[in-house]
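Let me begin by presenting the structure, written as structure tokens, before commenting on it.
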Amino acid sequence: MKKRSPVQEIILSSFLLISFMSQAQDYEVYVSSRGENAVKKYSAYGDYLGYFVAPGEGGLNGTEDILFHPDGSVLVTGFGNTTIKRYDGETGAFLGDFSSGYALATPSKMSIGPDSLIYVTQWDAVQNNIVRFDLDGNFVDEFTTEGAPNGLGHLWDADGNFYVALFGTGADGVVRKFDADGNDLGDFINSGVLQGPTSIWVNAEGHMFVEDWSVGTVLEYSSSGSYLGVFNSGSMNNPEGIAMTPDGLLLIGDWGQDVVHILDTLGNHLGIFAAGEGLSDPNSVKIRMIDTPDTTVHVTDLPVSTWEVLPNIGSGPFTLQLHGSFSFLYVYDEQGTMVDQLNVQGKQSFQWEPADLPAGMYLLVCSTSDGLQATRKILLQK
């Protein structure tokens with residue numbers, strides 16, 4: 001067996017140590033697999049970690065949404081269930097039915113509101129008010145007196161107003177607005193452009209983004225509900241479910257392709273985060289921070305804040321932004337072999353193209369003329 005060189009051993013050690021460093025602020029991604037009646041789990045880099053909720057565990061039927069309870073357990077709704085299911089936050093073992101006192105009719109999406117109550121939308125044609133439960137699972141009330149048929153994703157603004165995507169027939173969907181007391185304020189978004197809204201979110205400027213399941217787009221609206229344009233099109237078939245990573249990337253589920261897409265904050269499609277392994281009809285994507293001991297080990301001479309690479313997951317090209325005086329960029333694969341080297345002296349921002357490199361994890365090392373180094377890790381996807 002061929003021995004690794006000392007340099008290779010150092011690089012491999014760096015991979016391991018950087019992994020330890022990232023664990024203190026690491027996260028995992030939970031994805032519903034509706035077609036399997038299950039929930040899958042992935043690492044922050046898209047590595048498949050297996051089932052979190054095994055198919056049909058606890059009677060789960062038609063996975064709709066995932067919610068992390070403050071006590072550490074995980075709540076899951078199923079389209080064919082009348083209660084919210086509860087699972088152990090570590091093992092995914094079924095702990096029993098969470099909600100009580102109210103039989104839900106085709107429950108869909110859940111959120112914990114500003115009043116610390118759990119809001120649940122219902123898809124049913126007759127019983128479709130927004131329902132509230134306390135954190136012990138006890139029924140509180142129907143938040144809305146007006147129905148919210150085919151209700152899906154929802155959120156609140158700074159004034160406590162409640163917005164919910166109503167899918168409708170898939171051709172006449174709207175985003176409805178309610179005040180903090182559940183009074184119907186009418187349609188917030190009802191344009192001829194929007195057809196089948198599923199998930200919604202708001203950016204720092206107050207713009208609302210709406211996934212349109214029917215036509216495979218994400219649309220952008222102003223803070224007053226005026227249509228601004230298409231945020232993304234041509235990448236997805238039936239988007240539903242949204243999560244934002246700590247570094248600002250968007251993870252969006254797609255029924256039609258049975259994948260989770262990666263988008264940047266400008267709507268550019270960066271690649272596929274998750275696919276295969278039986279993933280079927282992913283309609284909920286959630287990020288959960290991992291609480292691990294701070295095992296930081298200093299493997300760099302310079303802080304990582306001296307440069308950044310965007311995105312850290314994708315097929316390339318990757319944009320490098322340097323905030324220090326660097327001379328060289330070295331790229332190593334997981335075996336510690338240098339696969340690329342660039343002279344970056346005098347550069348502040350540039351793109352690195354991985355060319356013919358295979359998919360996998362790579363270590364990027366920026367070095368100064370004095371030999372000081374700072375490292376970043378990326379996942380190259382093909």
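Laboratory data are not the source of any read-out in this text; all were calculated from the coordinates shown. Predicted, not measured: the structure shown is a model, and the values here were computed from it. Every residue, glycine among them, receives a Cβ derived from its backbone with ideal geometry; neighbour counts consider all protein chains shown.
With just the Cα atoms defining each centre, how far is region 168-191 from region 337-359? Give it in Å. The two parts, judged by their Cα centres, are 48 Å apart. Between VAL140 and MET289, with labels modelled 7 Å along Cα→Cβ, what's the label distance in nm to one decimal, could you check? About 2.4 nm separates the two model spin labels.
Using 0.36 nm per residue and subtracting the Cα-Cα separation, the extra length available between GLU28 and SER315 on full extension is 101.3 nm.
May I ask you to compute the full-extension gain from ASP124 to HIS323, defined as 0.36 nm times their residue separation minus their alpha-carbon distance, rounded to one decimal in nm? Don't jump to the answer; show the numbers that get you there.
Numbers: separation 199, 0.36 × 199 = 71.64 nm, distance 5.38 nm.
So the chain would gain 66.3 nm between ASP124 and HIS323.
Of all beta bridges that DSSP places with both ends in the chain, some 95 percent have antiparallel geometry.
Between LEU185 and THR169, full extension at 0.36 nm per residue minus the direct alpha carbon distance yields a gain of 3.6 nm.
Distance between the modelled labels on ASP159 and GLN345, one decimal in nanometres: 5.9 nm (7 Å Cα→Cβ projection). Residues ASP181, ASP258, ranked from the fewest to the most other C-beta atoms within 10 Å, line up as ASP181, ASP258.
The distance between label points at SER223 and GLU90 comes to 4.4 nm (points 7 Å beyond Cα on the Cα→Cβ vector). Beyond 23 Å in Cα-Cα separation lie the following of the pairs LYS85/LYS177; LYS109/LYS382; LYS85/LYS286; LYS40/LYS85; LYS85/LYS109; LYS41/LYS177: LYS85/LYS177; LYS109/LYS382; LYS41/LYS177.
Ignoring aspartates and glutamates fewer than eight residues from LYS377 along the same chain, the ones with Cα atoms less than 17 angstrom from its Cα are GLU9, ASP26, GLU28, ASP47, ASP247, ASP301, GLU308, ASP333, GLU334, ASP340, GLU353. Every pair of different Cα atoms in the chain enters the Kirkwood calculation, which places the hydrodynamic radius at 22.3 Å. In this structure, HIS207 and ASP97 have a Cβ-Cβ separation that, at R0 = 35 Å, corresponds to a calculated FRET efficiency of about 0.35.
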